[in-house]
Amino acid sequence: MMKIGMMRVFFTCLLAAVATVGALAGTLTVTSPENGAFVGSSTTINFRIAGGNVQVTVRAQISKVGGGASTTLETRVTPDESGNASGSLNWNPSDSFPEGGYDIQVTATEPGNTYNTVNLTVTLDRIKPRFSDFSPLRNSFVRGVVTITAELDELNIKEWRVTVNDADLPNNTGNTSSVAVVWDTSFIEEDGEQTIRIKVTDKAGNSETLEIPVTLDRAAPVVRVEFPRTNSVVRPGSVMGIIIKVQDASQDSVDWLAVLVEVRRMDGTLIRRASRLRWAPGGSETERIWLGRAPVLFTDPDLFKITVNVVDKAGNVAVTQEVPLTTGRYRGRERSRGPQR
């Protein structure tokens, strides 16, 4: 009977010990990153401890899939009265860590306690997205419906977003390598400087923003022929000087190549184009002066005209200017006829 009693005491103590060991079994949970996630140049491995007793050491062994670069991170946390604790490990891979897949093994150790091991695989992407092409160009002039486009050098795009003056546009997000968003400028009240922004974020959290400053210009240039004056007499065999004033959104909103000055017959037939001598700033920040010349030949008609056509960089077309002129021969014939009876 005594032996049976002693055996009962032994088994009772053994069960209590086993129960104690079971109670001390802890749990390790990695809350981020998730298995299969993309990570960048600054990655935080967040974890939670449950069922802890004393100070717990948490380690993360990180190694390149297939061999190569590796590192070990370590930290310590102390559980609270309920046996819970949380913490993090920061991985800031240098250039010696090539982009690609990495295995992460996270373990927790504590005297007199056991924990599970967490294994996950992530993809390292340290390079920010790049823009290989975009439109419209910086400091260009726009009007009407503008298509904003960009080509992205990035394989793991999470999202791109296009804004104008920090305001969203319709259908302005996507995750493709090509960006194409339509901007209707009619919703902008006043012409002037506008800022287009394209922000791209990849799956690793790397982001890059492209800023495209443009000028909204919906007004046509105002053109005036300063010289010669209407019905001026131009001597055959001379070189006629021409002065034209062009006023638009700014001194840079009209290119001299888009100022077309021509000598034409009165029926509109082209005789010749005038040549440009200077394209000079005018008297204000919105004014330019076109200075040029055109020869008047003895074979030219007695009556002819100068025509001026101007298109600004935004595509606004100015009203065509016409200045009728004469060589004087026509007036001489009119005088020689004398008064008509």
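The values are calculated or read from the model by the stated rules, or taken from the named source; none is laboratory data. Values in this document were obtained by computation on a predicted structure and should not be read as measured data. So basically every Cβ, Gly included, is an ideal-geometry build from the backbone, and we count neighbours across all protein chains shown. For accessibility, only protein heavy atoms count, side chains too; no ligands or nucleic acids. Shrake-Rupley method; radii C 1.70, N 1.55, O 1.52, S 1.80 Å.
A few comments on the model shown:
- Test: residue in segment 268-290 that is modelled with pLDDT of 95 or more and more than 48 Å from the chain's Cα centre (by Cα): no
- Enumeration of residues in segment 250-308 that are charged (D, E, K, R) and either in contact with a Ser or Thr (Cβ under 9 Å, 6 or more places away or on another chain) or open to solvent by less than 80 Å² (accessible area, probe 1.4 Å) (or both): 252, 255, 262, 264, 272, 285, 287, 288, 293, 300, 302, 305
- Residue in segment 139-146 that is of a type outside the set (A, V, I, L, M) and in contact with a Pro (Cβ under 7 Å, 6 or more places away or on another chain) present: yes
- Positions within segment 235-249 being part of a strand (DSSP E or B) and either within 38 Å of the chain's Cα centre (by Cα) or surrounded by fewer than 17 Cβ atoms within 10 Å (Cβ to Cβ) (or both), in sequence order: 239, 241, 243, 245, 246, 247
- Checking each residue in segment 151-204 for being touching a residue at least 40 places away in the same chain (Cβ under 8 Å), outside any strand (DSSP E or B) and in contact with a Phe, Trp or Tyr (Cβ under 8 Å, 6 or more places away or on another chain) picks out 156, 203, 204.
- Taken over segment 113-143, the criterion of being of a type in the set (Lys, Arg) and farther than 25 Å from residue 192 by Cβ is satisfied by 126, 128, 130.
- Any hit, segment 149-170, residues being over 30 Å from residue 316 (Cβ atoms), aliphatic (A, V, I, L, M) and modelled with pLDDT under 95: yes
- Qualifying residue in segment 88-109 (condition: touching a residue at least 60 places away in the same chain (Cβ under 8 Å), farther than 20 Å from residue 38 by Cβ and either touching a strand residue (DSSP E or B) at 6+ places or on another chain (Cβ under 6 Å) or surrounded by 12 or more Cβ atoms within 10 Å (Cβ to Cβ) (or both)): yes
- If the condition is being modelled with pLDDT under 95 and open to solvent by less than 50 Å² (accessible area, probe 1.4 Å), then segment 37-50 contributes 40, 43.
- Among the conditions (1) farther than 21 Å from residue 32 by Cα; (2) open to solvent by 70 Å² or more (accessible area, probe 1.4 Å); (3) without any contact (Cβ under 8 Å) to a residue 60 or more places away in the chain, residue 114 misses just one, which is (3).
- Entry remark, segment 295-329: residues being under 16 Å from residue 260 (Cα atoms) and free of Cβ contacts under 8 Å to residues at least 12 places away in the same chain number 0 in total.
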